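Take a look at the structure set out below.
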Amino acid sequence: MSEFTVKLSYKGKTAYIDEITLDVTSTELLGHARKEFKIEKGAVLHLMYKGTKIAQEIMEEEGIVTYAHPAFPEGTQIGRMGAKVTVVGVKPIKKKEKDPGRFCDDGIWGKYDGDLDANGRRHGKGRMKSEDGEVYEGEWVEDKREGKGTCELANGAVYVGEFKKGKRDGRGTYYCNNGDKYIGDYKKDLRDGQGTYLLKNGDRYVGQYQAGKREGVGTFYWKDGCVDIGTFVEGKDCGDGVRWSKDRDTAYRLMNGKDTGEIELEMAEAFAAKLGFVDVTAQLAKLDVKD
């Protein structure tokens, strides 16, 4: 995964954090901000990127806490100049007096319209519009998003699928704000399990994910008709792999995702077998999921 530099800005001061990848978590970026600017403990921090809040601290009874998640939304593309992130320090969020339709999730208040249980908790079906622009409509269990629902994020991305304990968990589809799309399994808000990632340019990846990264054997279908089979470790293409031409008459050996030269089809079959593809033609047809 490509590395880039994050430029942090806070009250006229600037700091540069190098060797950042799109897997960086909100907690990690917030930690960099506190360390670089020596921010007093009394302030609660928010991080803004292109006008969208990508990370925030929350004042709980035990003190300031953060909930780790990928800082940059799925599908984010960082230019060669890196990412400019603004650090905002705000006063601790004080608990507001409860009214019948007002609820708070992870420190963000919003308006809820829907079913409640005997204890006044969101339970059943309902719609929650948060003050940061996020809108969720779907099923609730004991004040948590649970079951099937649709979440429209403030940055324009949309998730349609299953939730568990307030997080994306189970099967779902994530429509990125750049036109890409992911269809597959989630666990605690991260891609985890079997999934298909479709890029708006026509390429697509089918394979395993773990903790938000490609992990295990995966297949790339290129828009020109070529197909790659390889192994991923923490999101990076590692070790032996095979590429077939569009007509499947020519094969190439891959090493860490790079073409090392043409090989015999029998050798390609052998490499694929090591990765678990006993009958390559049949396996490719099976994995050829249409969007």
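The values are calculated or read from the model by the stated rules, or taken from the named source; none is laboratory data. The shown structure was predicted, so the numbers you read here are calculated from the model rather than taken from an experiment. Note: ideal-geometry Cβ built from the backbone for every residue, glycine included; neighbour counts use all protein chains shown. Accessible surface is based on the protein model in full, side chains and every heavy atom, while ligands, DNA and RNA are left aside. Shrake-Rupley method; radii C 1.70, N 1.55, O 1.52, S 1.80 Å.
Restricting attention to segment 147-174, the residues that are under 19 Å from the mean Cα position of the chain (by Cα), of a type outside the set (Lys, Arg) and part of a strand (DSSP E or B) add up to 15. The residue of segment 37-50 that is surrounded by the most Cβ atoms within 10 Å (Cβ to Cβ), among those that are in a strand (DSSP E or B) and not aromatic (Phe, Trp, Tyr), is Leu47. Here Lys53 meets the list (1) surrounded by 14 or more Cβ atoms within 10 Å (Cβ to Cβ); (2) of a type in the set (D, E, K, R); (3) modelled with pLDDT of 85 or more almost entirely, failing just condition (3). Set side by side, the residues Asn177, Asn201 differ, and just one is surrounded by 15 or more Cβ atoms within 10 Å (Cβ to Cβ), assigned to a loop (DSSP other than H, G, I, E, B) and within 21 Å of the chain's Cα centre (by Cα), which is Asn177. Going by the conditions given, is Thr86 of a type in the set (Ser, Thr, Tyr), within 25 Å of Ser130 (Cα to Cα), modelled with pLDDT of 80 or more and not in a strand (DSSP E or B)? No, not satisfied. Could you tell me whether any residue of segment 108-127 is surrounded by 11 or more Cβ atoms within 10 Å (Cβ to Cβ), at pLDDT below 90, of a type outside the set (Phe, Trp, Tyr) and touching a strand residue (DSSP E or B) at 6+ places or on another chain (Cβ under 9 Å)? Within segment 108-127 (the criterion being surrounded by 11 or more Cβ atoms within 10 Å (Cβ to Cβ), at pLDDT below 90, of a type outside the set (Phe, Trp, Tyr) and touching a strand residue (DSSP E or B) at 6+ places or on another chain (Cβ under 9 Å)), the answer is yes, since at least one residue qualifies.
Within segment 1-36, the residues that satisfy the criterion of being hydroxyl-bearing (Ser, Thr, Tyr) and open to solvent by 50 Å² or more (accessible area, probe 1.4 Å) are Ser2, Thr14, Tyr16, Thr27. Within segment 253-273, track down each residue that is surrounded by 16 or more Cβ atoms within 10 Å (Cβ to Cβ) and more than 19 Å from Asp203 (Cα to Cα). Across segment 253-273, the qualifying residues are Arg253, Ile263, Ala268, Glu269, Phe271, Ala272. Among the residues of segment 204-220, none is identified as open to solvent by 40 Å² or more (accessible area, probe 1.4 Å) and of a type in the set (Phe, Trp, Tyr). Against the test of being in contact with a helix residue (DSSP H, G or I) (Cβ under 7 Å, 6 or more places away or on another chain), closer than 26 Å to Gly172 by Cβ and of a type outside the set (D, E, K, R), the options Thr219, Thr196, Thr231 yield a single qualifying residue, Thr219.
Quick check on my filter: what residues within segment 221-243 are open to solvent by less than 40 Å² (accessible area, probe 1.4 Å) and either farther than 29 Å from Thr25 by Cβ or not in a loop (DSSP other than H, G, I, E, B) (or both)? Passing the criteria: Tyr221, Gly225, Cys226, Val227, Asp228, Ile229, Gly230, Thr231, Phe232, Gly239, Gly241, Val242.
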